[in-house]
Amino acid sequence: VQVADFLTRGVIQNAVNAPSIPPELLKKLQPYLSLGEKLGRLGSQLADGRMQEIQIDYRGEVTAFDCTPLTVGVVKGVLEPALEEGVNLVNATTVARRRGIRVVERKVSEAGDFASLINVTVRTDRGESAVAGTLFSQRDPRIVRINEFRLEAVPEGYLLIFSNQDVPGVIGRIGTLLGKNQVNIAGMQLGRERPGG
C-alpha cells in the first residue's frame, strides 16, 4: 500500500505509534509522501550489505511541515524490499529500531538548487547509497541524484540503473540488447561525474 493511500483511507487515524495527519495537511504532503517512499525503496535497492542507518535530509520549503510522516514513509520504503515481514506506516520505525537501524532526520530551511529536496542516505556495513528527489510543479516527483550522479528521472514503473564508462557506443548497445528482448524504453536519463568518467 502506498503511504499516501494508506493515510488517505484513514487506516491509521488515532494510532499510538503512527503520525496522524489532518486532511488539509495531507493534501499538501501527499506528493512528498509518495516521493519519500519511492526514494526509500530506490535507496534500499542500491545499498549493499547490512543496513545500519537511514538518514533523511529535508531542504527548502518542505521543512515548513512536520516531516515525521514523511520520515516514516521513507523508512517504510527502505525496509519493504529487504524484509519478508510486513512493514507499514504503523510499525516501520519500530521494525527499524528492533533491527538496530538508526533513523536520522535533518532539516535545512534554506533552499539549494530546488525549492524542496529530500535526500535519503542508506548506510550499511559495506558503504552507503544516496538518492535525492524533488517535486516539479509541487506534484510531479523526480529523482535528481543517485549517489554522485545528477540526473532527472521519473520514478515510475520499472527502472534499469547501470553504470559504465562514458565512451561512445554504450547507449546503443544497451538499446539494442533491450530491443532484441522486446523491452521498450519509455525514457532514458544520463548522469556523469565528468566527460569520459
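The values are calculated or read from the model by the stated rules, or taken from the named source; none is laboratory data. Worth saying up front: this structure is predicted, and the values here are computed from it rather than measured. All Cβ positions, glycine included, derive from the backbone under ideal geometry; neighbour counts span all protein chains shown. Ligands, DNA and RNA are excluded from the accessible area calculation, which covers all protein heavy atoms including side chains. Shrake-Rupley method; radii C 1.70, N 1.55, O 1.52, S 1.80 Å.
Quick check: residue separation of Arg99 and Asn184 times 0.36 nm, minus the Cα distance between them. What number comes out in nm?
Values: separation 85, 0.36 × 85 = 30.60 nm, distance 3.93 nm.
Net length gain for the segment: 26.7 nm.
Here is how the number arises for the chain: DSSP H runs of 4 or more residues each give -39500 (n - 2.57), the sum is divided by the residue count, and the result at 222 nm is -9500 deg cm²/dmol.
On the beta carbon distance between Asp48 and Lys27, with R0 = 41 Å, the FRET formula returns roughly 0.65. The apolar share of the surface of segment 16-79, taken as the fraction of accessible area on carbon and sulfur atoms (1.4 Å probe, ligands and nucleic acids excluded), comes to 51 percent.
Considering only protein heavy atoms, what per residue accessible area in square angstrom results for the chain with a 1.4 angstrom probe?
Normalised by residue count, the accessible surface of the chain is 58 Å².
Overall, the anisotropy analysis places segment 53-164 in the oblate class: the square-rooted eigenvalues a ≥ b ≥ c of its C-alpha gyration tensor yield a/c not less than 1.5, with a/b not exceeding b/c.
For the chain, a Gaussian network of Cα nodes joined below 10 Å ranks Glu84, Glu61, Glu110 by mean-square fluctuation, and the top entry is Glu84.
Can you tell me the length gained on complete extension of the stretch Arg194 to Thr68, counting 0.36 nm per residue apart and subtracting the Cα distance?
Details: separation 126, 0.36 × 126 = 45.36 nm, distance 3.67 nm.
Result for the pair: 41.7 nm of gain on full extension.
Figure note: Ile146, Ile185, Ile56 ranked by solvent-accessible area, largest first, 1.4 Å probe, ligands and nucleic acids not counted: Ile185, Ile146, Ile56. With R₀ set to 41 Å, the beta-carbon distance separating Asp166 from Arg106 gives a calculated FRET efficiency near 0.80.
Loop-located chymotrypsin sites (Phe, Trp or Tyr not before Pro) in segment 81-174 (DSSP state not H, G, I, E or B) with no more than 16 neighbouring Cβ atoms inside 10 Å: Tyr158, Phe162.
Could you compute the FRET efficiency for Arg139 and Ile174, with r as their C-beta to C-beta distance and R0 at 25 Å, rounded to 0.05? Present the calculation step by step, with values, prior to reporting the outcome.
Values: r = 31 Å, r/R0 = 1.23.
Calculated transfer efficiency: 0.20.
Among all stretches of the chain without exposed trypsin sites (Lys or Arg not before Pro) (DSSP loop, at most 11 other Cβ atoms within 10 Å), which one is longest?
Values: sites that count: Arg9, Arg126, Arg139.
Of all site-free stretches, the longest is 10-125.
In terms of the Cα gyration tensor, with a ≥ b ≥ c the square roots of its eigenvalues, is segment 120-197 rounded because a/c is under 1.5, prolate because a/b exceeds b/c, or oblate? Since a/c reaches 1.5 but b/c is at least a/b, the shape of segment 120-197 is classed as oblate. Under the criterion of Cα pairs below 8 Å and six or more residues apart, the relative contact order for the chain equals 21 percent. Let me make sure I get this right: for the chain, a, b and c are the square roots of the gyration tensor eigenvalues over alpha carbons, sorted descending. Under 1.5 in a/c it's rounded, otherwise prolate if a/b > b/c, else oblate. Which is it? Prolate is the answer for the chain, as a/c is 1.5 or above and a/b outweighs b/c.
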